[in-house]
1. Against the empirical 2.2 N^0.38 Å scaling, what ratio does the C-alpha Rg of region B:307-360 come to?
2. So how do B:140-149, B:571-580 stack up, highest first, on mean other-Cβ count within 10 Å?
3. Order by neighbour count: B:386, A:405, fewest other Cβ atoms within 10 Å first, most last.
4. Per q in 0.12, 0.14, 0.20, 0.21 1/Å, what log10 I(q)/I(0) does a Debye calculation on the alpha-carbon atoms of region B:227-317 return?
5. Classify region B:340-459 as rounded, prolate or oblate from the Cα gyration tensor: take a ≥ b ≥ c as the square roots of its eigenvalues, call it rounded if a/c is under 1.5, otherwise prolate when a/b beats b/c and oblate if not.
6. What is the fewest-to-most order of B:261, B:275, B:193 by other Cβ atoms lying within 10 Å of their Cβ?
7. Report Rg (one decimal) and Dmax (nearest whole number) for region A:132-227, counting Cα atoms only, units Å.
8. Label region B:27-135 by shape, choosing from rounded, prolate and oblate, from the square roots a ≥ b ≥ c of the eigenvalues of the Cα gyration tensor; if a/c is under 1.5 it is rounded, and otherwise prolate applies when a/b is larger than b/c, oblate when it is not.
């Protein structure tokens, strides 16, 4: 109904306008002299002048109005080392283009006004002027030269990769060290990976990807993979160089953190990188925003807090990747060295203790998967096998520890132990365990529940490695 | 009226079209039935009208789509269930509240279709197709194109391409939704997006047909311009429109086949199991172990090797039209004719050397960017020359504020505004921040979207009498102009600030990120402005169709007092354009305000004793 009324209004309005148009046409034929034409010229050219003035003033006014939001002007000055370079280039270009913009727009509409056709006016025959044309060819060329040189210097500085001898570590302490993390875009979330205590990301093989248990296809025979963990946000220490390895699993994505002026496509099968150094912690950014009236309002999601209190740097996707493109958000926290190390420790995969590993394996596999659309394996055969194998290993560890002092038993136990290590199904693992159980029967274990992981905390009998984790078939 | 002193013996170029050389062209024996005359016509003037009207049809569809997705952006919480009769299942109705909202898949389909339709169907076919067809034979003095038959095929391939694209709108899985750039792997993996199912197949098919249309047209334009100019029409006596059409056609001929090859590779990847653009992909719970070794970046190189020249394919005809219109309505020769020609040529050459500036942040080796930054910013020089020359054309003129002139001035204003923002994006270091933000959206909409539309409008208002023997209504034209100019700046001006704040483009909703959620008011404002501008274009359509039948009649052959040849043909000329012999040319096309006693001297008037041809 509203649709019809709207359409009717438009039609009526159009008819009205057509009538006006016709009336003007008739009027001009009645007068049939040039005065009508001159009047139109003056009116239109005058309107052009008014438009130009309002337009140019509007440009200035709107810029001032939006200044608090424009990067590099309000509180959003760049929070990374290279960011201010980008901002400065932007602003230099803004200055140059603004001058050209104002001069040319003014000239266009002013000359149109000045040279409007009037009674007795006549155009001049001015077909070309080589000197003038040289001027407006050379001046832009010179300006462009400066922009190109400035731009390329900055670009090559920002984009150059780290030299080969640069070491990736947990917390850099010298010029030659950096933090290496990884972000993998997938529909529609970022899978983040930290290298753990060894500072090294393990290798990956996309054929080993398993939606539930190995979302990145980490190759478990690479020891660097063992302590890698998948947090749900990026946490980085302030002032330390970071190299993000950017990859994609399905389609193109783009790793974009606005406040750091960081942006790079994620391409399947072709890892890219971006190197940056965060310079402003989340806390000091919040304090900076606190000064701003537009941030002293209640937060939309948490009315008990003001907006500045909930501010966080955000990782977004900036390359169309499908229907959920707009929702690939991860929080980025910039903290002090101590907070960063504490956070690493708290990530269960980050600790090297066996206890941490058992729990950490679960965490790193399921932190980002459980409850999401990718959670297809929650109750799958693989999962049951995986848990069965883990349980058998824990039980076997307890048994072996109890019998550890008996050399002959330890020799006998090697065969089933190997079988346990290679077991790929829960049944196989259980069989291997019962063999171990039979051999070590004479030794009673400490009376603890089977799954009590403290009992295995110090054992090295069975490497609770992740090669036993379900592999894709 | 100038004396057209030619005889049949002087005819050079009409000869091989003997059947057109008769005195009576209105009842051409090949064009006698209704179908031959209006449907499968070989008359370039009719084909031009077909291109124009088809372009207008697509413009309404393409712009209408933008209104729907602007509604989502400006009023994300509004109830859109009233659109359900039109969009059906694409409106998701919340079962508990009954509130209808746009399906995200369809949002992306709309964005994709909007881009594809406007870029290819409206601004390539509708603009270059219309005016190349209409003006090339008329302005160079030819009876028709070199091959009227190919010309007809060119239109019908375009039509067919449109039919296929239109059909894709009605697919169950929706039209293609991966952006008009169709980057793989998204465009190749049906598992990754509904739009990449049948929608993408039709999209590819449609655009391959479109490439055929462009090539058939382009070969014709080039051949006609090079071979069929009338006596005396040397290259440097051609109006700038013709130069623009010639160079446009050459660019199209060199670049469209490249994208066609890219499209075929995508088709092979989709249908035959090749892996040109696929590598190490895990999608929908499955690792595509057989599909390795390709490169997604390779497609982008192929795409932008067309994609960038494409923006010049769009803007050059508009520049040509504007040069012509500015000159005629300012009563002044175009300033620096040769500089204008050489800047068109320079832009054409450079347009092939800048494609990767669309790819600075795509993982391409960053050091390749150096060369592309250099060439991209060099392109600003010929562009600046053109702008200054247009302003110098107005300077010292005697401006007649007819609607075509207004649109030409509007074009220059928009081209300045949009061109200057290109200096940011062409500089790789700034592009780190600006790439794929609304700054890009604002930039290209102003410089090649709206500006090209303004060139098109200037052309339509200016050559409407040439097409239909009547004028469009001036008052409505002026309302149309001011409404569109103010409205276009109201839509795209604020968008720059959105980009400067780092808001990424192609976002269905800004609520997920606190960084991008500050601009509700601005988004509302832009949406309202877009709706107003859309309604004003309906005014143009009314004016257009009303004027075809009821517009003020053209009474003189040369109503704008222009110098060029198209105004020497009779009103409503039939197939063959000139009933008698083809006029000869004796001077350049810009002898305006040259002599005290005469406002203009047509190209057909022989040089007087001792008179030097202008432009030298």
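1. My calculation over the Cα atoms of region B:307-360 gives 1.35.
2. Going from most to least packed, we get B:140-149, B:571-580.
3. Fewest-to-most ranking of B:386, A:405: A:405, B:386.
4. One equal scatterer on each Cα of region B:227-317 leads to -0.55, -0.65, -0.93, -0.97.
5. Prolate is the answer for region B:340-459, as a/c is 1.5 or above and a/b outweighs b/c.
6. B:261, B:275, B:193
7. Calculated on Cα positions, Rg and Dmax stand at 22.2, 71 Å.
8. The shape class here is prolate.
Bear in mind these aren't lab numbers, they're just calculated from the coordinates by the rules spelled out. In this text, all values refer to a predicted model and were calculated from it rather than measured experimentally. Quick reminder, even Gly has a Cβ in these numbers, built from the backbone with ideal geometry, and neighbours come from all protein chains shown.
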